[in-house]
1. Can you compute the charge dipole magnitude of the chain about its Cα centre, using +1 on each Lys and Arg Cβ and -1 on each Asp and Glu Cβ, nothing else charged? Give it in debye, rounded to the nearest 20.
2. In the chain, how many lysine pairs have Cα atoms under 28 Å apart, counting only pairs 8 or more places apart or on different chains?
3. So how do 278-289, 43-54 stack up, highest first, on mean other-Cβ count within 10 Å?
4. Please compute the length gained on full extension between A289 and A209, using 0.36 nm multiplied by the number of residues separating them and subtracting their Cα-Cα distance.
5. Please report how far the C-alpha centroid of region 247-286 lies from that of region 197-235, rounded to the nearest whole angstrom.
6. Let me know the longest stretch in the chain that avoids all GluC sites (Glu not before Pro) found in a DSSP loop with at most 14 other C-beta atoms within 10 Å.
7. For helix 32-43, what angle does its Cα long axis make with the longest principal axis of the chain, in degrees from 0 to 90 and rounded to 10?
8. Hey, for a label at Q88 modelled as a point 7 Å past Cα toward Cβ, could you say which residues of region 113-155 have their backbone N under 15 Å away?
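Please treat every number below as a calculation from the coordinates, not as lab data. All values reported here derive from a predicted model rather than from experimental measurement. Here the Cβ is made from the backbone with ideal geometry for all residues, glycine too, and neighbour counts use every protein chain on show.
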Amino acid sequence: MKKILMSAAAMASVSGTALACGSIDVGEPNWSTAQIVAAVDSFILSNGMGCDVSLVPAPTKQVIPLMMSATKPLLVGEFWANGVDPVQLGELEDDGVVDITGLPFPEAGEFWYVSKAFAEAYPELDTVEEVRERADLFDGKFYGCPVGIGWGCEWGNRRLAEGWGMQEAGWTIENPGSSEGQAAIVIDAYNTDSFWVGYYWTPTAVAIANELVALKFERDFVGQDVWGECYVNAEPPASCGEYVEGSYSPATVVTIASGSLADEPQVQAFAETRMMSMAALGAADAQMAGGMTASEVAAWYLSNYDDEWSAWVSEDVADAVRSAL
């Protein structure tokens, strides 16, 4: 775990102003926007509220096990609930093990996209069904999700591709080995005006800056229960049967915490209130894509979007954060 240390000056600035705060784990998923949210949360909690904050690696598939084994409050700012079993999540909420505390940003989504060059050359091919029949235009390559890093989309894309009969239509699923490799392929297609089709999500600087165009699925979502059990489950039961032509669901992206976060009421209130605007998040993600670390981006965001984040906290906490920048 990476320790977030608070300076003595910052500690003094919150003494007697912020409520007492103990030890908090902040989950850090392994993609850029979630790392930015985690870094912003960590900075505010440590420097503004006096919390003893540790960053904990938290890929989507590990979040629920982390919540179930947590020995102290755990906060994960950006959690894509579509990637886990919704039945299990609901039961854990009912039992008080986890709490859906808020939203990291107001909107999000997962899509199958095409590159700007393709969309401009073939504007009439704007659905999954139409593009599926033209594997020849893409050398038969559909670019899926990174493998082996704990993202539910690795399996979701495989099962959707199976349901759509992509292999029978002449496609191979090309899965990069990292999120950086996935982004590099998109960027290269944009810079070279090449045809590209594959999976990506928003909000990301990559999707926005490279002008990705979402394809229309024109099929119903299979439902959260089936999606969780059969589509994003690495080892789905035999009862799942054959996959069907489907779509991604409207994204469910939330802030999630262990039930014990209620023991830290100031942090709980912050988690319920904190929401980054899409404009700010896109700008912050662009800074990270330009080479900043997540912690550097957090400081950049807090310095440039004071009116936004200061509304999440008391004036005493906001003053302590400003003093630490």
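1. Working: 14 positive and 47 negative charges, 169 e Å.
Dipole size: approximately 820 debye.
2. Lysine pairs, 8 or more places apart or on different chains, close enough: 10.
3. Packing order, densest peptide first, comes out as 43-54, 278-289.
4. 27.8 nm
5. Centre-to-centre distance over Cα atoms comes out at 20 Å.
6. The answer is 1-106.
7. 10 degrees
8. 150-153, 155
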